[in-house]
Structures are given as C-alpha cells and as structure tokens.
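Here the structure is laid out as structure tokens; the discussion comes afterwards.
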Amino acid sequence: MQHILGIDIAKASFDTALTQDNRSYEEASFSNSRQGFKELVKWLASHHVEEVHACLEATGRYGTALAEFLHNQGFQVSVVNPAQIHAYRDSKLRRNKNDRLDAQLIADFGMVHFER
C-alpha cells in the first residue's frame with residue numbers, strides 16, 4: 001500500500017501528515033535539517049511505510065533539500081504550486097490554518113490527485 005505524506009515546510013522545521021487508512025493521519029514534526037530528514041525516514045520505517053508519495057508546496061529554497069533527500073531515498077516526491085493548495089483549501093471551505101492542518105490538507109490533496 002502506498003501512503004501519502006503531506007509536508008508543510010518552513011525555514012526551521014516541517015510538519016508531516018502520513019495517511020494511514022486514506023482518512024486518518026499520523027503526524028510528526030522535524031527540524032528542517034539533514035538530521036531531521038534522517039529522523040523522518042526512521043519515523044516512516046517505524047510506521048512500516050515502504051512506499052510513500054511525499055507532497056509539499058514549492059516554497060522557494062526551504063523544501064528543496066528535503067525533496068531531493070526523499071527522492072534519493074527512492075520515494076516519489078511532488079512539489080506543488082502553492083496556488084493549487086490554496087485553491088484546494090478554498091474548495092474544501094476550510095478557514096482554519098496552522099502547520100499541522102496544512103500538512104493534513106496537503107496529504108488530502110495528494111490522496112485526491114496522486115493516489116493510484
């Protein structure tokens with residue numbers, strides 16, 4: 001089973017929402033550093049995730065290193081235009097916004113647009 005990993009990234013950290021049964025999420029936060037990237041991979045392994053499609057917004061340079069790291073680990077990665085995520089949020093009539101909820105929204109976007 002392929003999981004979707006929604007990632008809301010910032011300069012110092014990133015929040016993640018991992019799909020479990022296509023509607024619930026396991027969540028975690030990590031530092032936006034090489035060590036944080038390694039911790040993310042360990043966290044995924046602890047959830048028995050072998051395949052993941054990571055989805056994150058194109059936020060300039062903040063997400064580039066993580067996207068490349070995940071790709072080099074053999075995971076599928078999509079870097080999405082933030083306008084698409086914003087429009088998707090509007091289509092869901094969601095008004096609340098924080099890093100945890102944004103990671104969930106990005107995971108939900110990935111389930112709708114990328115799941116096989």
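Read-outs throughout are calculated quantities, based only on the coordinates presented, and are distinct from any laboratory measurement. Note that this is a predicted model, so its numbers are computed, not measured. Quick reminder, even Gly has a Cβ in these numbers, built from the backbone with ideal geometry, and neighbours come from all protein chains shown.
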Backbone HN-Hα couplings from phi across the stretch 63-74 [Karplus 6.51/-1.76/1.60, Hz, Gly and Pro as x]: x, 4, 4, 5, 4, 5, 4, 4, 4, 5, 7, x
For K42, counting only lysines whose alpha-carbon sits under 25 Å away and dropping same-chain residues fewer than eight positions off, the answer is K11
State to the nearest 20 debye the size of the charge dipole of the stretch 14-116 about its Cα centre, where the only charges are +1 on K and R beta carbons and -1 on D and E beta carbons. 260 debye
Using modelled amide H (1.01 Å from N, peptide plane; none on Pro or chain starts), what sits under 5 Å from the amide H of V80, excluding residues fewer than 5 places away? L56, E57, A58
Beta carbons within 10 angstrom, averaged per residue: use that to sort the peptides 73-80, 32-39, highest first. 73-80, 32-39
Any idea how far apart E68 and E39 come out in nm if each label point goes 7 Å out from Cα toward Cβ? 2.2 nm
Once you have the Cα-Cα distance between L93 and K11, take 0.36 nm times their residue separation minus that, and quote the gain in nm to one decimal. 26.8 nm
Pull up all non-local amide H partners of S13: gap of 5 or more, or a different chain, and H-to-H distance under 5 Å with H placed in the peptide plane. N32
Helix-only CD estimate at 222 nm, as mean residue ellipticity for the chain, using -39500 (n - 2.57) per DSSP H run (n ≥ 4): -13000 deg cm²/dmol
